[in-house]
1. Hey, what's the per residue convex hull volume over the C-alpha atoms of segment 35-127, in cubic angstrom?
2. What residues have an amide H closer than 5 Å to that of Met37, excluding those fewer than 5 places away on the same chain, when H is modeled at 1.01 Å from N in the peptide plane?
3. Mind sorting Lys15, Lys73 by how few other Cβ atoms lie within 10 Å of their own Cβ, fewest first?
4. If the cut-off is 16 Å between C-alpha atoms, which aspartates and glutamates fall inside it for Lys19, apart from same-chain ones fewer than 8 positions away?
5. If r is the Cβ-Cβ distance from Met66 to Val102 and R0 is 35 Å, what FRET efficiency results, to the nearest 0.05?
6. With θ set to phi - 60° and the Karplus curve 6.51 cos²θ - 1.76 cosθ + 1.60, what are the ³J(HN,Hα) couplings of segment 105-119 in order, to the nearest whole Hz, using x for Gly and Pro?
7. Mind checking which lysines have their C-alpha under 30 Å from Lys91, skipping anything on the same chain fewer than 8 residues away?
8. If each residue's Cβ is checked for other Cβ atoms within 10 Å, how do Met74, Met66 rank with the fewest at the top?
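Readers should treat all values here as calculations from the given coordinates under stated rules, not as data from a laboratory. Here the structure is a predicted model, which is why all the values come from computation and not from measurement. Heads up, the Cβs are rebuilt from the backbone with ideal geometry, glycines too, and the neighbour counts pull from every protein chain shown.
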Amino acid sequence: MINVCNIFILISISKQVWKNYTCQVSPLDNYGTTGCMDPYLYTQLTTAVNVTYGLYHYGPFLVDLMDCTFVRKMFIDINNNYCPGLERCTKYIYWGSNVVSVAAVLSLIFWIVYERQLHHRNYIKQS
């Protein structure tokens, strides 16, 4: 609800209410009449209402996306309602990807150790 001159109107009908207060302003009369707004001001107000409506209705969803609550809830719903074995399968995929990651890190460490040892042997031979 929007408070306009102590009159509360719903956001969904505010554009229609404000349309009643819109009038054409002549180029000579900069101020128009009292209680009337020009089309430019009406356009600005309706744009603000559209942004407010979007933030009000889609803001919680965007916040859920930001902290991944939406994704977690979606997977929990899929697991409970459609695919009960999904959790077991994803655990295997998770542990498998962890094993591959650890193996890659260990292979890099062993490769660095091997190269250092090889370099050290060549240095001793040259001395």
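1. Numbers: hull volume 18.8 nm³, N = 93.
Each residue corresponds to 202 Å³ of Cα convex hull volume.
2. Thr22, Cys23
3. Working: Lys15 14, Lys73 11.
Lowest to highest Cβ neighbour count: Lys73, Lys15.
4. Straight-distance partners of Lys19: Asp38.
5. Working: r = 30 Å, r/R0 = 0.87.
That pair, Met66 with Val102, gives E of 0.70.
6. Running phi through 6.51 cos²θ - 1.76 cosθ + 1.60 with θ = phi - 60° gives 5, 5, 5, 5, 5, 5, 5, 5, 4, 4, 5, 5, 5, 5, 5 Hz.
7. Lys73
8. Working: Met74 12, Met66 9.
Least crowded to most crowded, the residues run Met66, Met74.
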